[in-house]
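Following: one structure in structure tokens, then a few remarks.
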Amino acid sequence: MREMSRYQMNVAVVTSSLRMRSGKDSPEAEAARVWKKFSETKQEPVKMATALWGFFLKDGGDPESKRAYAEYLKPRIRNAVETLIEEDEPDKIEVLEQAGWFGQKEVEDFIRTARERQKLQALVYLMKLKDTRYGYQEEEWEL
């Protein structure tokens, strides 16, 4: 099983902190707190975790901050999806896929990552995505 990188472990710690704090503030206050952290931090794992958290906030976020999160996440799609695989969040992976931010090669890489990290929900979603979107190629082996 492939180990999580130090970067992914740091993102997981920040995400866990955000999850523990979630629901204690109003949606607007939470969105403002996440935006402040995102815009002020220089630490890449903190920025990734807050961008994902802010991007998927249901209430309280404004369109401008959502656009900024998207601009940050799109070129870092591999790290973003690997974080969501680690959290076993197929619904959020689906949102990023529907935005057209990754293609067939990335899907295959993400399937490998989900399989190696034994994240079943993400693996099932990604395999279904590959089947419906790109299909599986049959390989013939000759003896």
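The values are calculated or read from the model by the stated rules, or taken from the named source; none is laboratory data. If you're wondering where the values come from, they're calculated on a predicted model, not measured in any experiment. Every residue, glycine as well, gets a Cβ built from its backbone with ideal geometry; the counts of neighbours run over all protein chains shown.
Can you say whether ARG117 is closer than 22 Å to LYS130 by Cβ, surrounded by 12 or more Cβ atoms within 10 Å (Cβ to Cβ) and either in contact with a strand residue (DSSP E or B) (Cβ under 8 Å, 6 or more places away or on another chain) or not small (Gly, Ala, Ser) (or both), as far as the supplied structure shows?
Judged against the criteria, ARG117 is a match.
For the range 73-143, give me every one of the helices (runs of 4 or more DSSP H) that falls completely inside it and has 2 or more residues that are farther than 19 Å from THR50 by Cβ and not basic (Lys, Arg). Steps first, answer last, please.
Details: elements: 77-86, 90-98, 104-116, 120-133.
Helices (runs of 4 or more DSSP H) meeting the threshold: 90-98, 104-116, 120-133.
I want to confirm something. Restricting to the range 51-98 and keeping residues that are hydroxyl-bearing (Ser, Thr, Tyr) and out of contact with any Gly (no Cβ under 8 Å at 6 or more places or on another chain), which single residue is surrounded by the most Cβ atoms within 10 Å (Cβ to Cβ)?
Per the criteria, the residue is THR83.
This table checks each residue for (1) out of contact with any helix residue (DSSP H, G or I) (no Cβ under 7 Å at 6 or more places or on another chain); (2) within 25 Å of MET127 (Cβ to Cβ); (3) part of a helix (DSSP H, G or I).
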{"position": "THR15", "(1), (2), (3)": "no, yes, yes"}
{"position": "LEU18", "(1), (2), (3)": "no, no, yes"}
{"position": "LYS37", "(1), (2), (3)": "no, no, yes"}
{"position": "PRO45", "(1), (2), (3)": "no, no, yes"}
{"position": "ARG67", "(1), (2), (3)": "yes, no, yes"}
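From the list ILE111, ILE77, pick out the single residue that is over 14 Å from THR15 (Cα atoms), modelled with pLDDT of 95 or more and in contact with a Phe, Trp or Tyr (Cβ under 6 Å, 6 or more places away or on another chain). Reasoning before the result, please.
On the way: ILE111 fails: in contact with a Phe, Trp or Tyr (Cβ under 6 Å, 6 or more places away or on another chain).
The conditions single out ILE77.
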